[in-house]
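Peer 1: Take this structure first; my questions come after.
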Amino acid sequence: MPWVLWVPATLALALVVLPVVGLLVRTDLRRVPELIVSDAALTALRLSLETAAVSTLACIALGVPLAVVLARSTVRGIRVLRAVVLLPLVLPPVVGGLALLYLLGRKGFLGYLLGVTAGVQVPFTTAAVIIAQTFVAMPFLVVSLEGALRSGGDRYEQIASTLGARPWTVFRRVTLPLLLPALGSGAVLSFARALGEFGATITFAGSYEGVTRTLPLEVYVQAEADVDSAVALALLLIVVAVVVIAVARPRALEGTAR
Amino acid sequence: MRKLGALVAAATLMITGCGSSSGGSGSETLTVFAAASLTESFTALKTSFESAHPGTEVKFNFAGSSALVQQLSNGARADVFASADQTNMDKAVQAGVVDGAPSVFATNRLTIAVAPGNPKGITGFADLARGGLTVIVCAPQVPCGSAAEKVERGTGVTLRPASEEQDVKQVLNKVQTGDADAGLVYVTDAASAAGKVGQVDFPESAQAVNSYPIAVVKDAPQAGLAKQWVEFVLGEQGRAELQKAGFGAP
């Protein structure tokens, strides 16, 4: 490795680390414990962890098949589809939230149908939080899985089918095990993204304690009234995210070194 | 060569013209930080202020009052600060970002925004506690939310809102899109969306009247102009424009 790379690498690292240091310096660390054990903060943390867990499961249930289809299908137009799947990555989250509202809101076509036929209203519910989080987090899972599938190639799968395995057996016995390491890192990424989701949630799900006000939203609410407690909550969010990534790190590393 | 000289001279003139803050002919920019609910009326006032002060341009930063206080405390450059409530102006005074005593220039009160034609038949504040209604309010941390809380306490009616939004325009939006049946907004916001939302006034809103204070920012780059803007807003023309938007007299 050329040693000059250290210069931009250090700058890059500083760009990520220094703002967090800024937060730490600005915070009265002695007050942090009392600020983060408020009822509102704990409720928000619990809601965040629960919704992020459920949306990660949804990402896996929907994203794994999608990644396999994108990586293995030879149908025309699959490239366009791939671009569409990545859309939530580039859409401003608020726009994502608006899009969901226009679909599932009371006047949105699907939302209207749900309301008329089943009396179900999606916005302003915990379900809306999960949908918003899944919407923004799923591309992370699909991208890591699809990358793994493509770089791994399909020779094992082809061999399995020449040996007489049916497609479903190939998928279950060959494709899925090959995917596992990438699935680990992809799921962690999705979880972290879901945990930090803000724009789509506040636009689509609203903000109400215990129902839709996740930790990022609580930080935003607190920033209006008491910056210190907002910063303390932000630190809590950072700690949770770092712990999640650190705990899952072995699997995530496996995913990249595979 | 002469051309080049002229160009340099012109450029120098332009630069110094922009740089001078007291020169009568140069363009001067007055930066006004104002609460989001002042968007329509202040924008309307801008035109007449600019024509009364040739060479002056008024620029706005409209946002939630507390966000503005925060920007100012963190060193944002501005000349005037207009808040949607006393609390945030007090914060600004405490943080030492305004100069002199603020003056109240308007008042505002809550109303219920509903879908046009009021399909849910809402007649008063107590109706908002009815089951089966999706009601949206502001979070208690922002001025419109603390006003809503005051009304709740005063009337003994407890709302179960579907969401507590961060600013009043978000509440209005959700009523406009039809995702909420009713929302507590300021009369001025309901007026600005007349036609797209209906308005149900309720007498209890008198219990939570917000006052809007305005002040010159400390070390304002255009302190002189800033004073003139404050006087202009407090004066007859300002009064008329604010009244048109639905604001009450201070």
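The values are calculated or read from the model by the stated rules, or taken from the named source; none is laboratory data. Quantities reported herein were computed from a predicted structural model and do not represent experimental measurements. Every residue, glycine among them, receives a Cβ derived from its backbone with ideal geometry; neighbour counts consider all protein chains shown. Just the protein is used for accessible areas: all its heavy atoms, side chains included, with ligands, DNA and RNA removed. Shrake-Rupley method; radii C 1.70, N 1.55, O 1.52, S 1.80 Å.
Peer 1: For residues that are surrounded by fewer than 22 Cβ atoms within 10 Å (Cβ to Cβ) and at the interface with chain B (Cβ under 9 Å from one of its Cβ atoms), scanning just the range A:218-237, find the one that is nearest to the chain's Cα centre (by Cα).
Peer 2: This residue is A:220.
Peer 1: Something else now. Quick one: which of A:75, A:68 is more than 24 Å from residue A:210 (Cα to Cα), assigned to a loop (DSSP other than H, G, I, E, B) and over 14 Å from the mean Cα position of the chain (by Cα)? Don't jump to the end; show me each part of the working.
Peer 2: On the way: A:68 fails: assigned to a loop (DSSP other than H, G, I, E, B).
Being more than 24 Å from residue A:210 (Cα to Cα), assigned to a loop (DSSP other than H, G, I, E, B) and over 14 Å from the mean Cα position of the chain (by Cα) holds for just one of A:75, A:68, which is A:75.
Peer 1: Also: What do you reckon, is residue B:146 within 14 Å of chain A (Cβ to nearest Cβ) and surrounded by fewer than 24 Cβ atoms within 10 Å (Cβ to Cβ)? Before you say what the answer is, go through the steps one by one.
Peer 2: Working: within 14 Å of chain A (Cβ to nearest Cβ): yes; surrounded by fewer than 24 Cβ atoms within 10 Å (Cβ to Cβ): yes.
It is true that residue B:146 is within 14 Å of chain A (Cβ to nearest Cβ) and surrounded by fewer than 24 Cβ atoms within 10 Å (Cβ to Cβ).
Peer 1: Give the residue, chosen from A:140, A:171, A:135, that is aromatic (Phe, Trp, Tyr) and closer than 30 Å to residue B:134 by Cα. Talk me through it step by step, then tell me what you get.
Peer 2: Working: A:140 fails: closer than 30 Å to residue B:134 by Cα; A:171 fails: closer than 30 Å to residue B:134 by Cα.
Unique residue meeting the criteria: A:135.
Peer 1: Could you count how many residues in the range B:182-196 are open to solvent by 10 Å² or more (accessible area, probe 1.4 Å) and within 14 Å of chain A (Cβ to nearest Cβ)?
Peer 2: Count: 1.
Peer 1: Of everything in the range B:210-242 that's outside any helix (DSSP H, G or I) and either basic (Lys, Arg) or open to solvent by 70 Å² or more (accessible area, probe 1.4 Å) (or both), which residue is modelled with the highest pLDDT? Talk me through it step by step, then tell me what you get.
Peer 2: In the first step, residues of the range B:210-242 are kept if they are outside any helix (DSSP H, G or I); the result is B:210-222, B:235.
Next cut, either basic (Lys, Arg) or open to solvent by 70 Å² or more (accessible area, probe 1.4 Å) (or both) only: B:218-219.
On the way: B:218: 94, B:219: 91.
My answer is B:218.
Peer 1: Pull up the range B:87-99, narrow it to residues that are in contact with a helix residue (DSSP H, G or I) (Cβ under 9 Å, 6 or more places away or on another chain) and open to solvent by 10 Å² or more (accessible area, probe 1.4 Å), then point me to the one that is nearest to residue B:224 (Cα to Cα). Explain how you work it out, then say what you get.
Peer 2: Taking the range B:87-99 and keeping what is in contact with a helix residue (DSSP H, G or I) (Cβ under 9 Å, 6 or more places away or on another chain), we get B:87-89, B:91-92, B:95-99.
Keeping just the survivors that are open to solvent by 10 Å² or more (accessible area, probe 1.4 Å) gives B:87, B:91, B:95-99.
Numbers: B:87: 26, B:91: 24, B:95: 22, B:96: 19, B:97: 17, B:98: 14, B:99: 12 Å.
Checked the range B:87-99; the qualifying residue nearest to residue B:224 (Cα to Cα) is B:99.
Peer 1: Would you point out the residue of the range A:1-50, among those that are part of a loop (DSSP other than H, G, I, E, B) and not acidic (Asp, Glu), that is least open to solvent (accessible area, probe 1.4 Å)?
Peer 2: In the first step, residues of the range A:1-50 are kept if they are part of a loop (DSSP other than H, G, I, E, B); the result is A:1-2, A:27-28, A:37-38.
Checking which are not acidic (Asp, Glu) leaves us with A:1-2, A:27, A:37-38.
On the way: A:1: 167, A:2: 78, A:27: 18, A:37: 91, A:38: 46 Å².
Top of the filtered list is A:27.
Peer 1: Those residues that are part of a helix (DSSP H, G or I) and either away from every other protein chain (no Cβ under 14 Å) or among the hydroxyl-bearing types (Ser, Thr, Tyr) (or both), I need them from the range B:76-91; list them, please.
Peer 2: Residues of the range B:76-91 that are part of a helix (DSSP H, G or I), as a first pass: B:86-91.
Listed by number, the residues that qualify are B:86, B:87, B:89.
Peer 1: Turning to a different aspect of this structure: On the phi < 0 side of the Ramachandran plot and away from chain A (no Cβ under 14 Å) - does that describe any residue in the range B:131-138?
Peer 2: Residues of the range B:131-138 on the phi < 0 side of the Ramachandran plot: B:131, B:133-138.
Checking the rest, the ones that are also away from chain A (no Cβ under 14 Å) come to none.
The answer is no; no qualifying residue exists.
Peer 1: So which of A:215, A:183 ends up being more than 29 Å from residue A:70 (Cβ to Cβ), more than 14 Å from chain B (Cβ to nearest Cβ) and of a type in the set (A, V, I, L, M)? Steps first, please.
Peer 2: Details: A:183 fails: more than 29 Å from residue A:70 (Cβ to Cβ).
Within the list A:215, A:183, the selection yields A:215.
Peer 1: Looking at the range A:172-179, is at least one residue in contact with a Pro (Cβ under 7 Å, 6 or more places away or on another chain) and either surrounded by fewer than 20 Cβ atoms within 10 Å (Cβ to Cβ) or assigned to a helix (DSSP H, G or I) (or both)?
Peer 2: no
Peer 1: State the number of residues belonging to the range B:112-124 that are in contact with a Phe, Trp or Tyr (Cβ under 9 Å, 6 or more places away or on another chain) and buried (at least 23 other Cβ atoms within 10 Å of the Cβ).
Peer 2: Within the range B:112-124, the first condition is being in contact with a Phe, Trp or Tyr (Cβ under 9 Å, 6 or more places away or on another chain), and the residues that meet it are B:112, B:123-124.
From the residues that got through so far, the ones that are buried (at least 23 other Cβ atoms within 10 Å of the Cβ) too are B:112.
Here the count works out to 1.
Peer 1: While we're here: Can you spot a residue in the range B:129-148 that is in contact with a Leu (Cβ under 8 Å, 6 or more places away or on another chain) and without any contact (Cβ under 8 Å) to a residue 24 or more places away in the chain?
Peer 2: Scanning the range B:129-148, I find no residue that is in contact with a Leu (Cβ under 8 Å, 6 or more places away or on another chain) and without any contact (Cβ under 8 Å) to a residue 24 or more places away in the chain, so the answer is no.
Peer 1: Further question: Got at least one residue in the range B:59-75 being in a helix (DSSP H, G or I) and away from chain A (no Cβ under 14 Å)? Before you say what the answer is, go through the steps one by one.
Peer 2: As a first pass, look at the range B:59-75 and keep what is in a helix (DSSP H, G or I): B:65-73.
Of the ones still in play, those that are also away from chain A (no Cβ under 14 Å) are none.
No.
Peer 1: Continuing with this model, one more query. Of all residues in the range A:161-171, how many are in contact with a helix residue (DSSP H, G or I) (Cβ under 8 Å, 6 or more places away or on another chain), outside any loop (DSSP other than H, G, I, E, B), open to solvent by 20 Å² or more (accessible area, probe 1.4 Å) and over 18 Å from residue A:63 (Cα atoms)?
Peer 2: If we filter the range A:161-171 for residues that are in contact with a helix residue (DSSP H, G or I) (Cβ under 8 Å, 6 or more places away or on another chain), which is where we start, we get A:161, A:165, A:167, A:169-171.
So of that shortlist, the ones also outside any loop (DSSP other than H, G, I, E, B) come out as A:161, A:167, A:169-171.
Going one step further and asking which of them are open to solvent by 20 Å² or more (accessible area, probe 1.4 Å), we end up with A:161, A:167, A:169, A:171.
Going one step further and asking which of them are over 18 Å from residue A:63 (Cα atoms), we end up with A:161, A:167, A:169.
Total satisfying the criteria: 3.
Peer 1: Now, a different point. Which residues, taken from the range A:97-112, are crowded, with 22+ Cβ neighbours inside 10 Å and assigned to a helix (DSSP H, G or I)? Show your work before the answer.
Peer 2: Within the range A:97-112, the first condition is being crowded, with 22+ Cβ neighbours inside 10 Å, and the residues that meet it are A:97, A:100-101, A:104-105, A:111.
A:97, A:100, A:101, A:104, A:111, listed by residue number.
Peer 1: Residue B:205 fails exactly one of the following numbered conditions: (1) open to solvent by 10 Å² or more (accessible area, probe 1.4 Å); (2) more than 20 Å from residue A:225 (Cβ to Cβ). What is the number of that condition?
Peer 2: Condition (1) is where residue B:205 drops out.
Peer 1: State whether the residues of the range A:131-154 include one that is free of Cβ contacts under 8 Å to residues at least 40 places away in the same chain and aromatic (Phe, Trp, Tyr).
Peer 2: Checked against the condition, which is being free of Cβ contacts under 8 Å to residues at least 40 places away in the same chain and aromatic (Phe, Trp, Tyr), the range A:131-154 yields no hits at all.
Peer 1: Go through the range A:189-217 and give me each residue that's on the phi < 0 side of the Ramachandran plot, open to solvent by less than 30 Å² (accessible area, probe 1.4 Å) and not aliphatic (A, V, I, L, M).
Peer 2: A:190, A:197, A:199, A:201, A:203, A:204, A:207, A:212, A:213, A:214, A:216
Peer 1: State all residues of the range A:113-160 that are surrounded by fewer than 15 Cβ atoms within 10 Å (Cβ to Cβ) and either within 13 Å of chain B (Cβ to nearest Cβ) or closer than 21 Å to residue B:177 by Cβ (or both); if no residue qualifies, say none.
Peer 2: A:113, A:116, A:117, A:118, A:119, A:120
Peer 1: Mind counting the residues in the range B:99-130 that are in a loop (DSSP other than H, G, I, E, B) and either more than 14 Å from chain A (Cβ to nearest Cβ) or among the hydrophobic types (A, V, I, L, M, F, W, C) (or both)?
Peer 2: As a first pass, look at the range B:99-130 and keep what is in a loop (DSSP other than H, G, I, E, B): B:109, B:115-124, B:130.
Then drop every residue that is not either more than 14 Å from chain A (Cβ to nearest Cβ) or among the hydrophobic types (A, V, I, L, M, F, W, C) (or both), which leaves B:109, B:115, B:117-118, B:121-124, B:130.
Residues flagged as in a loop (DSSP other than H, G, I, E, B) and either more than 14 Å from chain A (Cβ to nearest Cβ) or among the hydrophobic types (A, V, I, L, M, F, W, C) (or both) within the range B:99-130 amount to 9.
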